[in-house]
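Data block below; observations after.
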Amino acid sequence: MTHDVIIIGGGIVGLATALAVLEKRPGAGILLLEKEAGLARHQTGHNSGVIHAGIYYAPGSLKARLCREGAEAITVFCAEHAIPFETCGKLVVATDALEASRMDALFERAQTNGIAVEKLDAAELRRREPAIEGVGAILVHATGIVDYKAVCAAMAAELTRQGGTIELGTEVTAIQEKDGLVTVAAGERRWTAAKLIACAGLQSDRLARLAGLAIEHRIVPFRGEYYRLPPARNTIVRHLIYPVPDPALPFLGIHLTRMIDGSVTVGPNAVLGLAREGYPKLSVDLRDMIDLATFPGLWRLLAANIGSGTQELANSLWKRGYLAACRKYCPALTLDDLRPMEAGIRAQAVMADGRLEHDFLFLQTEHMLHVCNAPSPAATSSIPIGRMIADRCFGAG
Ligand SMILES: Cc1cc2nc3c(=O)[nH]c(=O)nc-3n(C[C@H](O)[C@H](O)[C@H](O)COP(=O)(O)OP(=O)(O)OC[C@H]3O[C@@H](n4cnc5c(N)ncnc54)[C@H](O)[C@@H]3O)c2cc1C
């Protein structure tokens, strides 16, 4: 039997894409293949659970537009499917003069992006968040929190309700585009489809190569390590608390995040991982390490970021260093407050020249589309990303 579309990957991008295809082609025969025994077992199930408003991204960029549209679409989806979410707002806190000047630039960018923001002085910040210290802050009203695993469960239910099939525990091991069709194999099993859409996150470069695409980038895993505060600290903050990001670095910095289950997490940092899917600290995977070591782009990246990379690694290995980063804006935290929890691992596309790809990256042939980079905030933006992919595969309109 030939399917209309095969989707590889049961993370939020694969699931949102499946629903977007059905929106465009109601009744289309969709098969979604996921290698794990459950959905959202990788990036989607190990993230901060933030619905980003989109203040950080270059005005007019795809990322800015998709984030703004995505935040609205996710909250509508949650409301329709009775998934708990909260628009609790976030504070981006400056702790010194350099951060205050970066904060001013961020404030302007947020306004250009059409996002409602408010500037707070030190006294107003302290009034709203007594445990947080800073010289000022930006309040972003629209930022929210949600459990993206719950969103995925609802998306999967919707997909099967509309006739789609999900096969768990099915790892795609071969892909061939031939005679107007794509054949996909998982061990001895085989399926064919008119279109293949691969949304494979940490394995996306391998699937692209498996399909015969010439790619110059490689996925480099960046661990995001978190701690969870003890329940007695669950009311330490009312908003999400973020540092002002260093514009030279790609990630947002260690933040205090209220989770939708009522707990508060601290993190994530950004440390080079030696295993794409190894969550415990110091996990090593031989194949992943060989892939990293033989990729010149990684060495160029490391050489260009030796200072920040070493600092992140030191803070990962030495809890006091991690604590110091949080205490810059939340001095009440102690070592005892930082209780380890499972890390997340970001799939970051790095180009051969060592450049980090910050934007979404898609590679397309006549019958295939490979999502090769879907960095944060791709969980927030997943619904419009899915619609954009469906447009690319089946034409807009
Ligand atoms: C630490 C961290 C914090 C983040 N915080 C946020 C946040 O707060 N808000 C936000 O919007 N975004 C956040 N992000 C980003 C967001 O989580 C990701 O961009 C998003 O989840 C990517 O979804 P995905 O479906 O592309 O990938 P994934 O969720 O990784 O899904 C890919 C799927 O493909 C499957 N797969 C891989 N290879 C195969 C194969 N051969 N056969 C079958 N299946 C296969 C995998 O098992 C996996 O389930 C964060 C990410 C991390 C890591």
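Using 7 Å Cα-to-Cβ label points, what is the residue 167/residue 235 separation (nm, one decimal)?
5.2
Over the chain, average the accessible area per residue using a 1.4 Å probe and give it in Å², no decimals.
Details: 16700 Å² over 397 residues.
Here the residues of the chain average 42 Å² of exposed surface.
Along each of the three principal axes of the Cα atoms of the chain, give the extent in whole Å, ordering the values from largest to smallest.
67, 46, 38
Under the Karplus relation 6.51 cos²θ - 1.76 cosθ + 1.60, θ = phi - 60°, what is the ordered set of whole-Hz ³J(HN,Hα) values for segment 373-383, x standing for Gly and Pro?
For segment 373-383, the Karplus curve yields 8, 9, x, 4, x, 5, 6, 4, 8, 4, 5 Hz.
Roughly how many Å is it from the Cα centre of segment 247-321 to that of segment 123-160, as a whole number?
One Cα centre to the other: 22 Å.
Enumerate the amide H contacts of residue 166 below 5 Å, restricted to partners 5 or more residues apart or on another chain; note that Pro and chain-start residues carry no placed amide H.
32
Under a plain spin-label model, where a point goes 7 Å from the Cα along Cα-to-Cβ, how far apart in nm are residue 177 and residue 279?
3.4
When the Karplus curve 6.51 cos²θ - 1.76 cosθ + 1.60 is applied with θ = phi - 60°, which whole-Hz ³J(HN,Hα) does each residue of segment 16-25 get, with x for Gly and Pro?
Each residue's phi maps through the Karplus curve to give 5, 5, 4, 5, 5, 5, 5, 5, 7, 10 Hz.
Just add up the charged neighbours of residue 297: K/R +1, D/E -1, any other residue whose Cβ is under 12 Å from the Cβ of residue 297. Mind dumping the intermediate values first?
Values: positive: 218, 300, 355; negative: 205, 216, 291, 353, 357.
Spelling it out: positives minus negatives among the neighbours equals -2.
Probe 1.4 Å, all protein chains in place: accessible area of residue 108 in Å², nearest 10?
120
Which order do you get for 34, 133, 80, 188 if you rank them by accessible area with a 1.4 Å probe, largest at the top? Provide the component values of the computation, followed by the final result.
Values: 34 20, 133 90, 80 135, 188 175 Å².
Largest accessible area first, the list is 188, 80, 133, 34.
Per-residue ellipticity at 222 nm for the chain, helices alone: DSSP H runs ≥ 4 residues times -39500 (n - 2.57), over residue total, nearest 500 deg cm²/dmol? Don't skip to the answer; put the middle values down first.
Details: 11 runs with 127 residues, N = 397.
Theoretical 222 nm ellipticity from helices: -10000 deg cm²/dmol.
Where a ≥ b ≥ c are the square roots of the eigenvalues of the C-alpha gyration tensor, would you call segment 75-151 rounded, which needs a/c under 1.5, or, failing that, prolate if a/b is larger than b/c, or oblate? Working shown, then result.
On the way: a/c = 2.93, a/b = 1.87, b/c = 1.57.
It is prolate, given that a/c is not under 1.5 and a/b is the larger ratio.
Among 279, 322, what's the order by accessible area (1.4 angstrom probe), most exposed first? Before the final figure, lay out each step's value.
On the way: 279 25, 322 0 Å².
Ranking 279, 322 by accessible area, largest first, yields 279, 322.
Show me, for segment 311-325, the HN-Hα J-couplings you get by feeding each phi into the Karplus relation (A = 6.51, B = -1.76, C = 1.60, θ = phi - 60°), rounded to Hz, glycine and proline as x.
Result, ordered by residue: 4, 4, 5, 4, 5, 6, 7, 10, 4, 4, x, 4, 4, 4, 4 Hz.
For helix 148-161, what angle does its Cα long axis make with the longest principal axis of the chain, in degrees from 0 to 90 and rounded to 10?
Roughly 30 degrees between the two axes.
Heavy atoms only, probe 1.4 angstrom, no DNA, RNA or ligands counted: give me 149, 35 ranked by accessible area, highest first. Spell out each step's value before the answer.
Working: 149 100, 35 60 Å².
My answer, sorted largest first, is 149, 35.
Roll a 1.4 Å probe over the protein heavy atoms and report the accessible area of residue 17 in Å², nearest 10.
In the full protein context, residue 17 sits at about 0 Å².
Using a 1.4 Å probe, how large is the accessible area of residue 388, given in Å² and rounded to the nearest 10?
Using a 1.4 Å probe on the heavy atoms, I get roughly 30 Å².
The values are calculated or read from the model by the stated rules, or taken from the named source; none is laboratory data. All of these numbers come straight from a predicted model, not from anything done at the bench. Neighbour counts run over all protein chains shown; Cβ positions are idealised from the backbone, glycine included. Calculation scope for accessible area: heavy atoms of the full protein, side chains included, ligands and nucleic acids excluded. Shrake-Rupley method; radii C 1.70, N 1.55, O 1.52, S 1.80 Å.
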